[in-house]
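Peer 1: Before I ask anything, here is the structure I am working with.
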Amino acid sequence: MARTKKQVERETREEQASRLAYIGTLASGLAHEIRSPLNAVKLNLDLLQEDVDAVAENRREEFKKRLALISREVDGLQELLTEFLSFAKPPSMEPLPTDLNQMLLDMEQFIAPACKHRRIQIVKDFQKELYPVPLDQNQFGRSVIINLLTNAMEQIGEHGTIILRTRETPDNIEIQVEDNGGGVPPENESRIFELFYSTKDHGTGLGLAIARRIVQEHGGELLLQNRWKQGATFIIRLPKSKILEFSHR
């Protein structure tokens, strides 16, 4: 007997959940083994920085630069470890009824100073009286919206525009993060959500993968609408049918 589309989708989700649970168990043990020596390195770096005046004056500036370089690398490894754990073993979701437009305004305030410094304008284009949305406000706000806004800002660099938009259709609630930063090269477009894949020099390749997973856990999808050499729009679609399921749990 042929399996239905829903059965295939359910089996795929179950298989993915099983794989992620296994990865999460491995990641937790690995994180403990890596974090301890990293913390020790960071502590000793701090101690060395306190004793920098004891270094000969003609070598002091070079010594400071090397300490700063090592410190940045350690910070980068700690950030990578934290992001990997967020993907491999995420906390359980706690969806609450959310005023989506207000949440987006709150998240925009976190990135507004950095955008102002780069002369990037953030335009809000919100539909009023949106269908109520149950969200895990911490995970969705921090790991999805902030991530997409930061990605747009970094893609622009300086002097540009980010449009943060909400829309309601008969079937979905949509959030759009649009930028005029040049878009994604066509050869990279199919890989943009892959784990550990990044087009940035110092990217971890985890941000968009984490964002997509969280959106999917909310019953939605995260899509890229690419305009090479013009810009890109990331679209979050939250089906109203899934929203109703959450609200009745």
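The values are calculated or read from the model by the stated rules, or taken from the named source; none is laboratory data. Only a predicted model underlies this, so the values are computations on that prediction, with no experimental measurement involved. Every residue, glycine as well, gets a Cβ built from its backbone with ideal geometry; the counts of neighbours run over all protein chains shown. For the accessible areas, the whole protein counts, side chains as well, though only heavy atoms, and no ligand, DNA or RNA atoms are used. Shrake-Rupley method; radii C 1.70, N 1.55, O 1.52, S 1.80 Å.
Peer 1: Answer yes or no: is there a residue in region 47-66 that is at pLDDT below 85, basic (Lys, Arg) and open to solvent by 80 Å² or more (accessible area, probe 1.4 Å).
Peer 2: No; the residues of region 47-66 include none that is at pLDDT below 85, basic (Lys, Arg) and open to solvent by 80 Å² or more (accessible area, probe 1.4 Å).
Peer 1: Could you list, in sequence order, the residues of region 75-118 that are of a type in the set (A, V, I, L, M, F, W, C) and modelled with pLDDT of 85 or more?
Peer 2: Leu96, Leu100, Met103, Leu104, Leu105, Met107, Phe110, Ile111, Ala112, Ala114, Cys115
Peer 1: Out of (1) in a strand (DSSP E or B); (2) in contact with a Lys or Arg (Cβ under 8 Å, 6 or more places away or on another chain), what's the single condition that is false for Ile122?
Peer 2: Going through the list (1) in a strand (DSSP E or B); (2) in contact with a Lys or Arg (Cβ under 8 Å, 6 or more places away or on another chain), Ile122 breaks only (2).
Peer 1: Check region 110-118 and report whether any residue there is hydrophobic (A, V, I, L, M, F, W, C) and either in a loop (DSSP other than H, G, I, E, B) or open to solvent by 90 Å² or more (accessible area, probe 1.4 Å) (or both).
Peer 2: Yes, there is a match, as at least one residue in region 110-118 is hydrophobic (A, V, I, L, M, F, W, C) and either in a loop (DSSP other than H, G, I, E, B) or open to solvent by 90 Å² or more (accessible area, probe 1.4 Å) (or both).
Peer 1: Continuing with the same structure: Would you be able to say whether some residue in region 206-224 is modelled with pLDDT under 80 and either open to solvent by less than 80 Å² (accessible area, probe 1.4 Å) or under 18 Å from the mean Cα position of the chain (by Cα) (or both)?
Peer 2: Among the residues of region 206-224, at least one is modelled with pLDDT under 80 and either open to solvent by less than 80 Å² (accessible area, probe 1.4 Å) or under 18 Å from the mean Cα position of the chain (by Cα) (or both), which makes the answer yes.
Peer 1: From Ile173, Ile162, which residue is farther than 25 Å from Pro113 by Cα, buried (at least 18 other Cβ atoms within 10 Å of the Cβ), β-branched (Val, Ile, Thr) and at pLDDT 85 or above?
Peer 2: Ile173
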